[in-house]
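Everything on this sheet refers to the single structure shown next.
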Amino acid sequence: MTATSARRVLLAAPRGYCAGVDRAVIAVEKALEQYGAPIYVRKEIVHNKYVVQTLEKKGAIFVDETEEVPQGAIVIFSAHGVAPVVHEEARQRQLATIDATCPLVTKVHKEAVRFANEDYDILLIGHEGHEEVIGTSGEAPDHITLVDGPADVKNVEVRDESKVVWLSQTTLSVDETMETVDALKERFPQLISPPSDDICYATQNRQTAVKQVAAESDLVIVVGSKNSSNSVRLVEVALGAGAKAGHLVDFADEIDEAWLEGVSTVGVTSGASVPDVLVEGVLEWLAERGFGDVEVVQPMEESLTFSLPKELRRDLRAEAAAASTGGSSAGGSSAGGAER
């Protein structure tokens with residue numbers, strides 16, 4: 001690349017935090033303020049290394065299983081959702097629970113329960129081992145079969161081909177999901193689709209934006225963690241849309257300067273669990289290397305927000321009411337209003 005080559009950055013929008021992630025992260029922060037540390041969180045609240053580390057410094061303790069939470073303590077369930085058995089485990093340990101499951105994931109859970117009650121075979125499109133898939137499958141384990149991509153369709157068996165429905169993990173590639181659905185419909189022509197697309201609006205919007213960016217980019221950098229399904233998908237979508245190269249990084253210092261060799265246009269975006277401070281770090285890193293011209297590519301805007309989990313809202317309202325009447329605070333470490 002010559003010194004006079006035009007160097008620019010195409011910055012995708014929307015990017016970063018979706019409404020469900022924002023809700024979940026704020027829920028942990030508010031719980032720490034309301035009840036005091038420690039607050040236990042089952043699994044990572046969202047799949048982002050920086051977010052988890054930041055919340056740990058504030059007093060959150062992340063555990064893998066409910067049994068690791070001390071009896072009677074407060075536990076927050078992550079944005080990815082949990083199976084009914086986890087709620088039962090929490091009840092048995094007398095834990096005060098705050099459910100930060102994304103409402104769009106909850107919608108898929110409710111669909112699974114409804115179709116199972118109607119005795120459908122449910123074909124759940126998703127990645128084996130992902131927390132969201134585990135949670136959804138737990139709603140109706142006897143009715144759900146996981147379909148991990150188009151290649152897995154040939155392995156699917158159902159009881160009655162006239163009573164089959166598909167659901168999906170919310171963070172998948174839209175294109176790959178529909179490819180899987182098409183393959184399923186070839187095998188099961190009477191396959192029913194869910195009432196609305198399960199791929200969440202934020203996943204779709206970020207993939208649409210990165211497609212536009214990738215079409216003009218020599219290199220696309222996606223900010224996100226390797227265990228973030230939607231972030232990984234953004235790299236795949238970028239490469240499929242024409243980017244010559246694509247890489248996933250948690251932080252700017254993970255970028256390899258060799259990636260810039262022969263590059264004049266760098267596309268930048270971030271997964272739905274990534275705070276914008278990390279993107280700003282990447283933009284600063286690129287500006288220091290001559291990529292200071294930033295153009296925002298925004299095919300659509302987002303305005304959706306979700307209210308905090310009901311357990312937190314109840315206690316925050318009680319505290320506000322007590323403060324307005326001069327009474328005692330509803331706060332404290334007992335999380336009296338949280339669901340037990």
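Things worth noting here:
- Close amide H contacts of Ile76 (hydrogens built in the peptide plane, cut-off under 5 Å, sequence separation of 5 or more or a different chain): Tyr40, Val41, Arg42, Ile98.
- A protection proxy built from the mean count of other Cβ atoms within 10 Å ranks the segments 200-211, 144-155, most packed first, as 200-211, 144-155.
- Around the Cα centre of segment 11-70, unit charges on the Cβ atoms of Lys, Arg, Asp and Glu (plus for the first two, minus for the last two) sum to a dipole of about 320 debye.
- In this rough spin-label picture, where each label sits 7 Å from Cα along the Cβ direction, the Ala323-Ser196 distance is 3.3 nm.
- Of the solvent-accessible surface of segment 233-323, computed with a 1.4 Å probe over protein heavy atoms with every protein chain present, carbon and sulfur atoms account for 50 percent.
- Taking every DSSP helix (H) stretch of at least 4 residues in the chain, weighting each as -39,500 (n - 2.57) and dividing the sum by the residue count yields a mean residue ellipticity at 222 nm of -11500 deg cm²/dmol.
- Legend: calculated FRET efficiency, Ala37 to Glu88, from the Cβ-Cβ distance at R0 = 22 Å, rounded to 0.05, equals 0.25.
- Candidates His87, Val108, Leu283 compared by Cα position along the dipole of the chain: farthest toward the positive end lies His87, with charges placed on Cβ.
- Within the straight-line cut-off of under 13 Å between alpha carbons, the aspartates and glutamates reachable from Lys110 are Glu118, Glu139, Asp198, sequence neighbours fewer than 8 places apart in one chain being disregarded.
- Cα-derived Rg over Rh, computed across segment 32-188 with Rh taken as Kirkwood radius: 1.04
- q = 0.18, 0.19, 0.20 Å⁻¹: log10 I(q)/I(0) that the Debye formula gives for segment 100-228, counting C-alpha atoms only: -0.97, -1.07, -1.16
- Shape of the chain, Cα gyration tensor, a/c cut at 1.5: oblate
- The phi-based Karplus calculation (6.51 cos²θ - 1.76 cosθ + 1.60; θ = phi - 60°) puts the 3J(HN,Hα) values of segment 13-18 at 8, x, 8, x, 3, 9 Hz, whole numbers, x for Gly and Pro.
- Segment 51-145 - charge dipole about Cα centre, Lys and Arg +1 at Cβ, Asp and Glu -1, debye rounded to 20: 540
- Rounded to the nearest 20 debye, dipole of segment 117-244 from Cβ charges on Lys, Arg, Asp, Glu: 500
- Global form of segment 161-302, assessed from the alpha-carbon gyration tensor, a/c cut-off 1.5: prolate
- Hz values of 3J(HN,Hα) by residue in segment 93-101 - Karplus curve (6.51, -1.76, 1.60), Gly and Pro given as x: 8, 6, 8, 7, 10, 10, 9, 9, 4
- Taking each of Lys185/Lys310; Lys43/Lys310; Lys107/Lys154; Lys49/Lys154; Lys57/Lys244 in turn, the alpha-carbon distance tops 30 angstrom for Lys185/Lys310; Lys49/Lys154; Lys57/Lys244.
The values are calculated or read from the model by the stated rules, or taken from the named source; none is laboratory data. None of these values were measured; they are calculated from a predicted model. For neighbour counting, all protein chains shown are included, and Cβ atoms are generated from backbone atoms with ideal geometry for every residue, glycine included. To get the accessible areas, we keep the full protein, side chains included, count just its heavy atoms, and leave off ligands, DNA and RNA. Shrake-Rupley method; radii C 1.70, N 1.55, O 1.52, S 1.80 Å.
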